[in-house]
Amino acid sequence: GIQVEQSPPDLILQEGANSTLRCNFSDSVNNLQWFHQNPWGQLINLFYIPSGTKQNGRLSATTVATERYSLLYISSSQTTDSGVYFCALAYSGAGSYQLTFGKGTKLSVIP
Amino acid sequence: EPEVTQTPSHQVTQMGQEVILRCVPISNHLYFYWYRQILGQKVEFLVSFYNNEISEKSEIFDDQFSVERPDGSNFTLKIRSTKLEDSAMYFCASSEYERHSFGEGSRLTVL
């Protein structure tokens, strides 16, 4: 199956700082998603980004599928950005697209 | 924007009891999934459902678990004879193809 590795595992930022989270994956698949898990446990869709770059407010993501990595950028971080960030990729099995998740990056933004 | 809805948001049960978790996927989606996240760990695939039958399942999804689409809108996960180690957050998801939409999760606590 697909191997997904995220780095760093933990990150502590001062409010207002910028950060880059990385996701490496083993296969050249083009269906990567980024999620934010908030302190209540909810998984929030951030980006579906098979390739290229997308931006949404202070967040942006870039995926280079041929080199098997994706980056999530958080600019001007706020305390509400705290939580765990997961990347995930779909494995196309027989009649299914189940996701394989990385272990996540736990982000703590302190005031 | 359409959403995946899950009920209950939190359930507490005694060991050995049966639990049913319910989900309403997005109406035009073809693929339905259940995932599990034990506290502090990554999200793991349990089962996928397509064309009214299980299409893929992980080794976690043993005879204790079953899924059903009892009508045109609901998708359920049944856990028989719950064990302490079944305590986790259970996420339902649906997709048209690779891009998943997740529900807010059902937190199961087995005492």
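For this structure, a couple of remarks:
- R0 of 35 Å, Cβ-Cβ distance residue A:22-residue B:54: FRET efficiency to nearest 0.05: 0.55
- Overall, the accessible surface of chain A at a probe of 1.4 angstrom is composed of carbon and sulfur to the extent of 49 percent.
- Relative contact order, percent, segment B:5-96 [alpha-carbon distance under 8 Å, six or more residues apart]: 39 percent
- For a label point 7 Å along the Cα-to-beta-carbon line of residue B:3, residues of segment B:32-57 with backbone N under 19 Å: B:33, B:35
- Each Lys and Arg contributes +1 and each Asp and Glu -1, all at the Cβ; summed about the Cα centre of chain B, the dipole is approximately 260 debye.
- Equivalent ellipsoid dimensions for the protein assembly as shown as semi-axes, Å, which come from the Cα gyration tensor, largest first: 29, 21, 15
- Residues along segment A:34-80 losing 50 Å² or more of accessible surface when the other protein chains are present rather than the chain by itself (probe 1.4 Å): A:42, A:43, A:48
- Sites residue A:12 and residue B:15 - FRET efficiency at Förster radius 41 Å, r taken between beta-carbons, to 0.05: 0.60
- Accessible surface of segment B:1-106, 1.4 Å probe, proportion on carbon and sulfur as whole %: 43 percent
- Think of chain B as having a plus end and a minus end, set by charges on the Cβ of Lys, Arg, Asp and Glu; of B:47, B:14, B:37, B:14 sits farthest toward the positive end of this dipole.
- The mean sequence distance of close C-alpha pairs (under 8 Å, at least 6 residues apart), as a share of the length of chain A, puts its relative contact order at 36 percent.
- Accessible solvent surface per residue of chain B, calculated while the other protein chains remain in place, 1.4 angstrom probe, Å²: 52 Å²
- Dipole magnitude for the protein assembly as shown: computed about the Cα centre from +1 point charges on Lys and Arg Cβ and -1 point charges on Asp and Glu Cβ, it is near 340 debye.
- Taking Cα centre as origin and charging only the Cβ of basic (Lys, Arg, +1) and acidic (Asp, Glu, -1) residues, the dipole magnitude of chain A rounds to 80 debye.
- Solvent-accessible area of residue A:84 with every protein chain in place, 1.4 Å probe, in Å² to the nearest 10: 40 Å²
The values are calculated or read from the model by the stated rules, or taken from the named source; none is laboratory data. Please read all numbers here as calculations on a predicted model, not as lab measurements. So basically every Cβ, Gly included, is an ideal-geometry build from the backbone, and we count neighbours across all protein chains shown. For the accessible areas, the whole protein counts, side chains as well, though only heavy atoms, and no ligand, DNA or RNA atoms are used. Shrake-Rupley method; radii C 1.70, N 1.55, O 1.52, S 1.80 Å.
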